[in-house]
Amino acid sequence: MRKLIVPAFVTLDGVIQSPGSPDEDTADGFTHGGWFWPYADEATDAMEALFQHPFELLLGRRTYDGFASFWPEVAADSPLRGTADLFNAATKHVATHRPDVLPWDHSQALGPDVIAAVRALKQSDGPTLLTQGSSELVKQLLAADLVDELILIVVPILLGTGKRLFDDRALPTAFRLASSTTSSKGNVASHYVREGELRVAPM
């Protein structure tokens with residue numbers, strides 16, 4: 001069975017919307033885009049390590065469209081070229097209502113039943129499945145108990161508004177902290193592995 005890993009940059013109040021740039025995702029009037037970059041430091045190593053092994057991407061439509069317009073256009077001499085090559089070559093599984101419009105190479109729609117499609121992917125042979133962004137898709141995956149690991153880089157800021165990583169659809173689940181480091185700018189990079197059902201105090 002393949003692992004499904006959710007890596008995310010997240011604020012103290014759980015926001016994951018538009019960490020990279022002001023125009024990455026302005027849905028619902030979000031005006032704080034690019035909030036991660038003033039805090040960028042060696043904490044990103046936890047994310048970059050994921051891309052050193054074979055992977056396929058699980059993407060929501062908004063994230064897919066943003067990536068599809070960016071990564072294929074990265075210049076040959078850009079410091080992002082290595083990541084671009086990995087993303088461009090990877091298989092992309094996309095949650096979309098427009099399956100006929102997937103212009104990025106190696107892209108395929110998950111189909112009308114996204115959760116069933118992801119379950120089937122996990123049961124098949126292949127590399128690790130990674131999400132990127134895609135907050136709504138991640139919430140659906142958590143609600144269906146399909147997430148095996150979380151890699152969270154928690155940035156020491158509050159935004160108050162924005163799309164959150166978790167909502168009340170998340171299935172009660174126990175995770176084990178596998179590792180945690182604090183970076184020079186105060187980011188906390190933590191790796192959580194699913195451990196089973198939630199444990200509570202006895203009656």
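The values are calculated or read from the model by the stated rules, or taken from the named source; none is laboratory data. Everything quoted here is computed from the prediction, not taken from an experiment. Note: ideal-geometry Cβ built from the backbone for every residue, glycine included; neighbour counts use all protein chains shown. Note: areas computed on protein heavy atoms with side chains; ligands, DNA, RNA excluded. Shrake-Rupley method; radii C 1.70, N 1.55, O 1.52, S 1.80 Å.
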Fill in the blank from the handout: Counting only protein heavy atoms with a 1.4 Å probe and every protein chain in place, the carbon and sulfur fraction of the accessible surface of the stretch 151-201 in whole percent equals 57 percent
Fill in the blank from the handout: Percent antiparallel among DSSP beta bridges confined to the chain, rounded to 5, stands at 45 percent
Handout entry: For the stretch 82-169: rounded, prolate or oblate by the Cα gyration tensor [a/c cutoff 1.5]
Key = prolate
Handout entry: Distance cut-off 11 Å, percentage of C-alpha pairs in the stretch 137-187 lying past it
Key = 76 percent
Completion exercise
Quick calc, residue 40 & residue 116: beta-carbon distance into FRET formula, R0 45 Å, rounding 0.05, result 0.75
Handout entry: Sequence-distant aspartates and glutamates (8 or more away, or on other chains) whose Cα lies within less than 17 Å of residue 163
Key = 13, 23, 24, 25, 28, 136
Problem - q = 0.12, 0.17, 0.21 Å⁻¹: log10 I(q)/I(0) that the Debye formula gives for the stretch 1-109, counting C-alpha atoms only - result: -0.47, -0.99, -1.48
Exercise for the section: Measure up 3/92; 139/185; 3/185; 3/139; 92/122 against 21 Å on the Cα-Cα distance and list the ones that go over. Expected result: 139/185; 3/185
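Using a simple charge model, +1 on the beta-carbon of Lys and Arg, -1 on the beta-carbon of Asp and Glu, nothing else, what dipole does the stretch 92-177 show about its Cα centre, in debye to the nearest 20?
Details: 9 positive and 10 negative charges, 37 e Å.
Roughly 180 debye for the stretch 92-177.
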Problem - Check: the chain dipole with +1 on Lys, Arg Cβ and -1 on Asp, Glu Cβ, in debye - result: 500 debye
Problem - Cα lying deepest toward the dipole's positive end in the stretch 89-185, options 124, 183, 147, charges on Cβ - result: 183
Handout entry: Two-site FRET efficiency, residue 124 against residue 31, from Cβ-Cβ distance with R₀ of 41 Å, rounded to 0.05
Key = 0.50
Practice task
Towards the positive end of the charge dipole of the chain, with charges on Cβ (+1 Lys, Arg; -1 Asp, Glu), say which of 111, 63, 171 has the farthest Cα.
Solution key: 171
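Report, to two decimal places, the Cα Rg of the stretch 112-158 normalised by 2.2 N^0.38 Å (N = number of residues). Don't skip to the answer; put the middle values down first.
Values: Rg = 12.6 Å, N = 47, 2.2 N^0.38 = 9.5 Å.
Expressed relative to 2.2 N^0.38 Å, the Cα Rg reads 1.32.
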Exercise for the section: Over every pair of different alpha-carbon atoms in the stretch 32-82, take the mean of 1/r and invert it; report that Kirkwood radius in Å. Expected result: 13.3 Å
Handout entry: Point-charge dipole on Cβ atoms (K/R +1, D/E -1) for the stretch 1-60, about Cα centre, debye to 20
Key = 300 debye
